[in-house]
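The values are calculated or read from the model by the stated rules, or taken from the named source; none is laboratory data. Just so it is clear, the structure is predicted and the values come from calculations on it, not from any experiment. Here the Cβ is made from the backbone with ideal geometry for all residues, glycine too, and neighbour counts use every protein chain on show. Note: areas computed on protein heavy atoms with side chains; ligands, DNA, RNA excluded. Shrake-Rupley method; radii C 1.70, N 1.55, O 1.52, S 1.80 Å.
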Amino acid sequence: LSRLDFHIRPKIAQRDSLDLAAAWLGETPGVIVEFGFGAGRSYSHLLARFPGRDVVCFDRADKAHVLFRPPTDRLIVGEFAGVLDDPAIHARFTGRVVLLHVDVGSGGPEDEVVPEFILSRVHPWLRPRAVVVSDQHLTLDPAWDLVPVDTSGRVAYAELFHVYRRPG
Ligand SMILES: C[S@@+](CC[C@H](N)C(=O)[O-])C[C@H]1O[C@@H](n2cnc3c(N)ncnc32)[C@H](O)[C@@H]1O
């Protein structure tokens, strides 16, 4: 495999996983939350797949493209640990999120702990039947009330992106 292959395959798995979540969720009401806004590529995909929805993103940096800049109240800038200490943030999202996209990988050692840290804080945000799509494998805590979904056959390179669902 070339380096280009290694770059592209997780992106295909990410896109297909988000598309699968969109097909499952349809018009199911709820907010979409993304941890790891980055350059806003996946944000633009979420807007395309969930037209008219509230899509709220978190990142330590604001690197938004001028054409895909979220409204000010939908890009929450700060370290996840600090932002997730804010009771006002929890009040805003608890019980309202239908899709959580976790895309925080940097290739460093923090990839081992940041996704589980996020879930440990935000699992009360998820509605019944909510979907979690993650660039990292999650070691699930039973308190999160999530089950892994085998997406092989529906997502290309399914082993490269991880999908979980809250039972209904
Ligand atoms: C892989 S990039 C996101 C790519 C983005 N989803 C896209 O499609 O353009 C990961 C992002 O997570 C952010 N991030 C990682 N760990 C973080 C932390 N502890 N607090 C805040 N932001 C963090 C980084 O700043 C980076 O922009």
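Does P29 satisfy the criteria of being more than 9 Å from the ligand (Cβ to nearest atom), touching a residue at least 12 places away in the same chain (Cβ under 8 Å), part of a loop (DSSP other than H, G, I, E, B) and open to solvent by less than 50 Å² (accessible area, probe 1.4 Å)?
No.
Run down A48, A91, A81, A13 and say which single residue is surrounded by fewer than 11 Cβ atoms within 10 Å (Cβ to Cβ) and modelled with pLDDT of 95 or more.
None of the others qualify; the one that does is A91.
Only one residue in V113, V163 is hydrophobic (A, V, I, L, M, F, W, C) and at pLDDT below 95. Which one?
The match here is V113.
Is segment 2-22 home to any residue that is of a type in the set (S, T, N, Q), part of a helix (DSSP H, G or I) and either touching a helix residue (DSSP H, G or I) at 6+ places or on another chain (Cβ under 7 Å) or under 28 Å from Y157 (Cα atoms) (or both)?
Yes, that holds for at least one residue.
So for segment 116-126 (the condition being under 25 Å from G26 (Cα atoms), touching a Gly at 6+ places or on another chain (Cβ under 9 Å) and open to solvent by less than 40 Å² (accessible area, probe 1.4 Å)), does at least one residue qualify?
Yes.
Return a yes/no flag: does segment 134-157 have any residue that is open to solvent by less than 80 Å² (accessible area, probe 1.4 Å), among the small types (G, A, S) and closer than 14 Å to G36 by Cα.
Yes: segment 134-157 contains one or more residues that are open to solvent by less than 80 Å² (accessible area, probe 1.4 Å), among the small types (G, A, S) and closer than 14 Å to G36 by Cα.
Provide a single number: the residues in segment 44-54 that are free of Cβ contacts under 8 Å to residues at least 24 places away in the same chain and within 13 Å of the ligand (Cβ to nearest atom). Steps first, please.
In the first step, residues of segment 44-54 are kept if they are free of Cβ contacts under 8 Å to residues at least 24 places away in the same chain; the result is 47-48, 51-54.
Those still in the list that are within 13 Å of the ligand (Cβ to nearest atom) too: 47-48.
Of the residues in segment 44-54, 2 are free of Cβ contacts under 8 Å to residues at least 24 places away in the same chain and within 13 Å of the ligand (Cβ to nearest atom).
Out of curiosity, is R74 free of Cβ contacts under 8 Å to residues at least 24 places away in the same chain and away from the ligand (no atom under 13 Å from the Cβ)?
Yes; evaluated as a whole, the condition is true for this residue.
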